[in-house]
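A short write-up of the structure that comes next.
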């Protein structure tokens, strides 16, 4: 009874003074208030009653009233529970000024993780972890502590798939949800894990924040630490959480809602909102070696490998412009050997010091802005096209929510690749033969990684889905396919990649069957914003009929700006005198 009277009195005091000054309705509708609550389309994305006070009967206004009543009450711990809400409401004149000095956890957080600088960090894609197949994004906190020592920490949100059972993994990540972990740890550990351990590149984008914004952001991060999160791959992941966190200090990052928010979407949104400064790249040693391999001769590569093995300096002279590149290659190869366990950390660190000391002070490798995630095309696409097959003209509509195909622009990646999640294609005959599902891809990935002379490199592909497959009579019938393959890619010059892949799979139609489909081809990046992908393949035992079909396919893409692509396709199938042609033209919109 007494606690109820106190809450009522606190709410009455709020209504009598602060509400009139701050206007309850406008505060509840303020975009910063929505961002503090992680609200999307009027609903909280966090389902923890410890974070959302009015869960079950939520509205922005109801949560505001409950928050003010709590902060104006006698419970001093409420201020420590919601320091960011308090700071923002105080700045709006909605609550009275109170001290937070008793909030020991907040003070400890501010002391142990000083935040004079904040950066948005993008970790490049990895195919080895389903939760990071589209990259990862997190925050880097930097600052000097009371003793003057520089401290760097990472704030990250992620989940850990505990199974490679694909159906169960998709169910848990898309429907049931998985435990989400919101963690604070040393930034150096993240660098070792991503750059050295997983061979992923990091892009650090400094945030343009004033002191008030930094304090509000720090307080909000503290609010989130005890929250129980549920991770959903498509609607509440690292990208959506970080985007909501950034919206606390710059609501404009939510101005352009995405169908499926990806880590690259967050970087693009923050860039468009004017929140990011110039990016700095931390390149994985494998990728540095891959890029330098293209600029070095065979003799250079041999000299670098020998120097690193002997822990000596690679050959260099003032008159040799490639001497600096050999030195950088030695640095990267030494780092790669440490990551692979071929060299001890102590020996590697000593050798690195010698290489750095001998490096010319006026030269440095710099990152190419064209490879930044902010420069990447949008991650979703819709296409409409005409197709002719076996004398039947048809309209084909396809939708790819994430992410890109092999013929799309891959300039910002280090190699040609494709990632297709939940792609659907519908075919409507124009000769009255009806409509049908042409293709339904659950997951498909392809990576054509060119081999280099330092580390080698494998190409591969994997897919799960429903799509037509040709039998010995060349007729295509739908089947459920699970397929994987491994091979090699060789790059010639800057614009030609030639690849071979040995692939096999399990198909199911009226029954299950095994099939093999080796292939070879090339990707040619052309002038006038065009790309060609040509493939020849064999399909043995397609649909389980024991016969072999040869297939030639040519895909030609013409980029009509950053958001439009015109794609032409031609396909020829042959077997024992039988021949079937297929052609199509489609217009693709990226968004």
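The values are calculated or read from the model by the stated rules, or taken from the named source; none is laboratory data. Because the structure is a prediction, the values reported are computed rather than measured. Cβ atoms come from the backbone with ideal geometry, glycine included; neighbour counts cover every protein chain shown.
Restricting 435, 418, 394 to residues that are surrounded by fewer than 18 Cβ atoms within 10 Å (Cβ to Cβ) and within 18 Å of residue 467 (Cβ to Cβ) narrows the list to 435.
On inspection, residue 564 qualifies as over 24 Å from residue 505 (Cβ atoms) and surrounded by fewer than 17 Cβ atoms within 10 Å (Cβ to Cβ).
Out of 436, 405, 420, 389, one residue alone is within 20 Å of residue 558 (Cβ to Cβ) and touching a strand residue (DSSP E or B) at 6+ places or on another chain (Cβ under 6 Å). It is 405.
Just one of the listed residues (148, 180, 185) is at positive phi and either outside any helix (DSSP H, G or I) or not assigned by the TED database to the domain that holds residue 339 (or both), namely 148. If you go through segment 509-523 and keep only what is part of a strand (DSSP E or B), farther than 11 Å from residue 538 by Cβ and either touching a helix residue (DSSP H, G or I) at 6+ places or on another chain (Cβ under 9 Å) or not assigned by the TED database to the domain that holds residue 447 (or both), you end up with 512, 513, 514. Every test in (1) under 26 Å from residue 400 (Cβ atoms); (2) in a loop (DSSP other than H, G, I, E, B) is passed by residue 486 save one, and that test is (2). Looking across segment 439-482, the residues that are in contact with a strand residue (DSSP E or B) (Cβ under 9 Å, 6 or more places away or on another chain), more than 24 Å from residue 395 (Cβ to Cβ) and not in a strand (DSSP E or B) come down to 449, 451, 457, 458, 471, 472, 473. Quick check: is even one residue across segment 209-221 in contact with a strand residue (DSSP E or B) (Cβ under 9 Å, 6 or more places away or on another chain), over 15 Å from residue 156 (Cα atoms) and at pLDDT below 95? No, every residue in segment 209-221 fails to be in contact with a strand residue (DSSP E or B) (Cβ under 9 Å, 6 or more places away or on another chain), over 15 Å from residue 156 (Cα atoms) and at pLDDT below 95.
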